[in-house]
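Down below is the structure, laid out as structure tokens.
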Amino acid sequence: MDPKCATLLRQLPQVDELLRHSRLAPLTASLPRPWAAAQVRRVLAAHRDKIGACPAEELPPRLNEEALWRELEQALAAAARPSLRRVINATGVIIHTNLGRSPLAAAALEQVREVAAHYNNLEYNLARGERGSRQDHLEGLLTELTGAEAALVVNNNAAAVMLALNTLAQGKEVLISRGQLVEIGGSFRLPEIMAVSGAILKEVGTTNKTYLHDYEKAITTETAILLKVHPSNFRILGFTHEVALPDLVSLGRSYGLLVVEDLGSGCLIDLSRYGLEKEPTVQETLKAGADLVLFSGDKLLGGPQAGLALGSREVVARLRLNPLTRALRPDKLTLAALEATLRLYLEEPQALAALPTLRMLTRPLPELARQARALARVIKRRWGPRLQVKIRLSEGRVGGGALPLLPLPGYALALSLPPLAPQQLEARLRQATPPVIARVEQEAVLLDLRTILPEDRQVLLTALQGVMGQFEEG
Ligand SMILES: *Cc1c(COP(=O)(O)O)cnc(C)c1O
């Protein structure tokens, strides 16, 4: 070994020595010792690897102790808090898949607590005193709300799509328009789901135009399903044509084929009544005659992660019998949250007021402007003129693959903290407690008011306080 390298390695302190050191004491005091030791060991190992991998001529003459201390402090601080934790979504994207999609309604949280903190009747029929099905708790609500004959809940919508294809079309052909072969968020690619389900994909039409006769020409004795996928996160604009669901349904009927629609977001309320773009609702899709409709629980519905499969009694019964259903079943936390969420939909005004996702979607512009002004005032008073704040018009998004082209006009606070570059300020906000997720636009950090929840406003100031404290220390 190079002698310089050996010297540096010798300069690395021992684990015990570090754990006893007064500089780390404030951090190690609250941590279980084995957990603190594991962090220290990990940081030391990374340093050892780095020294070992460095060409001799680039090695420093002495160990950079300050850098090592900082890394240890960061690692121990991170080990003290949960990895999965609350953040403030200041991006203006409402259904943000990376930020946990839909925040739950208070009623849903309440129900999760009630059910999960105690024993419950998850699979117990109280009337008969015998084993029941976890699927029984939601079916009544779902059929009432949507007009479906039957319903099944699984872990997420990708699972619902896979289950449907596997049950109804394993080894058979599924016809889908080329313009609907979607990828959603990188992890859901329809051709790949189709492959693992055992169904055989048969594309019809072209990327921009697909007609009914394209489907009809492709039907063979091997065809099982006509599948329609809602192009959630994109639109093909201009010279386009897709077949309307009722036409696909009549074609399906005349050839004895099932028609399945993957709605993606799955909305129970006609949003065009609230000044938003029209998304087909679950009710309309069922009414148009789809045999099975699939959608997510945590997108526009505003509930927990889940996949909902609604349709005819006969088709849903076939899904239930598939052994995969057992592997994809939802847990009690999901079912409790989903039931409470669906109950809110029994009265539309209640759903709009109580579900954070729908509330954010329909927040009036003057309300956003008022909140922007109020927050800007507090920021100016506390940290002006070092932290500069302006109010800007901003465009939010629905996200989660719904209404992809619909800009949601709103207001944002544009922050700058010279001499920090906006990217540096964005990074500091991201590492604040709690983390604030913002975006950089036109040389400033934008905090979009639309997705900042009412209870976040005070916490946002606490996070800013931390960032400013650190800034002033230098
Ligand atoms: C989001 C989406 C899915 C996947 O749903 P998850 O609940 O995230 O598994 C499937 N299909 C479409 C059209 C979607 O928009």
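Observations
- Among residues of the stretch 302-321 being surrounded by 24 or more Cβ atoms within 10 Å (Cβ to Cβ) and near the ligand (Cβ under 10 Å from one of its atoms), the one that is farthest from the chain's Cα centre (by Cα) is 308.
- Taken over the stretch 82-112, residues that are touching a Ser or Thr at 6+ places or on another chain (Cβ under 6 Å), among the hydrophobic types (A, V, I, L, M, F, W, C) and either under 20 Å from residue 432 (Cα atoms) or surrounded by fewer than 16 Cβ atoms within 10 Å (Cβ to Cβ) (or both) amount to 0.
- When 221, 210 are screened for being more than 15 Å from the ligand (Cβ to nearest atom), open to solvent by 50 Å² or more (accessible area, probe 1.4 Å) and over 27 Å from the mean Cα position of the chain (by Cα), only 221 passes.
- In summary, residue 358 fulfils each of the numbered conditions (1) modelled with pLDDT of 95 or more; (2) aliphatic (A, V, I, L, M); (3) loosely packed, with under 15 Cβ neighbours inside 10 Å with the single exception of condition (3).
- Subset of the stretch 322-343 [open to solvent by less than 20 Å² (accessible area, probe 1.4 Å) and within 20 Å of the chain's Cα centre (by Cα)]: 330, 335, 336, 337, 338, 340, 341, 342
- Screening residue 239 against (1) in a loop (DSSP other than H, G, I, E, B); (2) surrounded by 13 or more Cβ atoms within 10 Å (Cβ to Cβ); (3) modelled with pLDDT under 95 leaves a single unmet condition, (2).
- For first residues located in the stretch 1-30 and under 17 Å from residue 65 (Cα atoms), partners that are hydroxyl-bearing (Ser, Thr, Tyr) and lie 6+ apart or on another chain with Cβ distances below 7 Å form the pairs 19/28.
- Residue check: residue 406 meets all listed conditions (1) outside any helix (DSSP H, G or I); (2) more than 16 Å from the ligand (Cβ to nearest atom); (3) within 19 Å of residue 96 (Cα to Cα) but one, namely (2).
The values are calculated or read from the model by the stated rules, or taken from the named source; none is laboratory data. The structure presented is a predicted model; accordingly, all values stated were derived computationally and were not measured. Note: ideal-geometry Cβ built from the backbone for every residue, glycine included; neighbour counts use all protein chains shown. Note: areas computed on protein heavy atoms with side chains; ligands, DNA, RNA excluded. Shrake-Rupley method; radii C 1.70, N 1.55, O 1.52, S 1.80 Å.
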